[in-house]
Amino acid sequence: MTAALTSISAPAAWQRELAAAFTDPRALLAHLGLGEGELAGALAAAADFPMRAPRPYVARIVPGDPADPLLRQILPIAAELAPAPGFVADPLVEQTGARPGLLHKYRSRALVILRGGCAINCRYCFRRHFPYGEHALGPAEIEEIARYVAARPEINEVILSGGDPLLAKDAALASLVDALAAAPQLRRLRIHTRLPITIPSRITAGLVDLLARAPWPTVIVFHVNHPRELDDAVDAACRRLRAAGVTLLNQSVLLRGVNDDARVLAALSERLFDAGILPYYLHLLDRVAGAAHFEVDEGRARALMAELLAALPGFLVPKLVREVAGEPSKVPLDLRLTP
Ligand SMILES: *Cc1c(COP(=O)(O)O)cnc(C)c1O
Ligand code: SF4
């Protein structure tokens, strides 16, 4: 076989890691030395929303600890199936009236759902019931989106989201960038992704080159909830991105049993800074069915923010926000209010 043919047919390292992800709770529990006690709940909850956990992420979980904050984000548990009033399938009402592949909710930013699926299934995900399957945008839909953006001078930023947009191959990302280059008013391209954390090898030389050559500055918004999600491989991926001039930000979700502790949140901000990533948002949980056991109440969230403000420089304190259907932006919580 010629070298050219090999490069076409052989999956990249990140694609092999994607295929090798844990999807069977039984295999994951055995790998982590956890007992059968967790298994029945895990199997039942995984039938509702499948388990998916790539090995580079699983390698950061402490074996033998069922309460590990990284494990808690990915292991299905029986609590997901308990009915919880107010927790619904589509908390942000995104499933009604959505244009295929595009959400234009905020005036200046258009959000493109480039890929439906994710490399990891986070148990608290507000899109856990989103009916997009493994849907990927085809060339005709990409052209349609580019036309929509070009026709609206108020849109100055396109956000690639999902699902995880970096599950798309570089060629698909490149054709989207090319299509959007026809919109003269665009000032930024933003990518919301968890792949640099879950499978750091996704940050290939080819991808970095594509971002460096895009006609606008690019921003990557990571999704990290706990400092232990960062390791040497993530640091190296961040260095490659920063060398290409990409701005790195992070959003977290405030999650009970994961990061509802001021010391953990402060350590997260410090660890992000070490990797060259600035904290952006700390989201209150969207009230999606199956995630009620992760909720932290507003009073506790404000108290945690007060501790963070006292512990960190202002630029390492994320904005505490929630998403409210129908509002013109994410809604910051007023920290002066007492519960
Ligand atoms: C969160 C979000 C954005 C981006 O909002 P920023 O506050 O600019 O980060 C854009 N579109 C949709 C639909 C969103 O949910
Ligand atoms: S990476 Fe984001 S979109 Fe994907 S499952 Fe996790 S929270 Fe949901």
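FYI, it's all coordinate maths here, none of it is from the lab. All values derive from a computational prediction rather than experimental measurement. No Cβ is skipped: glycine too gets one built from the backbone with ideal geometry, and neighbour counts run over all protein chains shown.
The table below lists the values:
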{"quantity": "Ranked by how many other beta carbons lie within 10 Å on average, peptides 177-184, 278-285 from highest", "calculated": "278-285, 177-184"}
{"quantity": "Burial ordering of Phe87, Phe315, fewest other beta-carbon atoms within 10 Å first", "calculated": "Phe315, Phe87"}
{"quantity": "Rounded if a/c under 1.5, otherwise prolate or oblate - the chain, Cα gyration tensor axes", "calculated": "rounded"}
{"quantity": "Order of Trp216, Trp14 - criterion: other Cβ atoms within 10 Å of each residue's Cβ, fewest first", "calculated": "Trp216, Trp14"}
{"quantity": "Ascending count of other beta-carbon atoms within 10 Å, so fewest first, for Glu270, Glu327", "calculated": "Glu327, Glu270"}
{"quantity": "Whichever aspartates and glutamates have a C-alpha closer than 12 Å to that of Lys319, once near sequence neighbours (fewer than 8 apart) are set aside", "calculated": "Asp334"}
{"quantity": "Helix-derived mean residue ellipticity, 222 nm - over the chain, DSSP H n ≥ 4, -39500 (n - 2.57), to 500", "calculated": "-9500 deg cm²/dmol"}
{"quantity": "Using θ = phi - 60° and Karplus 6.51 cos²θ - 1.76 cosθ + 1.60, couplings along the stretch 321-326 (whole Hz; Gly, Pro as x)", "calculated": "9, 9, 9, 10, 4, x"}
{"quantity": "Estimated dipole of the stretch 84-332 in Debye, rounded to 20 [Cβ of Lys and Arg +1, of Asp and Glu -1, Cα centre]", "calculated": "300 debye"}
{"quantity": "Spatial separation of Cα centroids for the stretch 201-228 and the stretch 179-198, in angstrom", "calculated": "10 Å"}
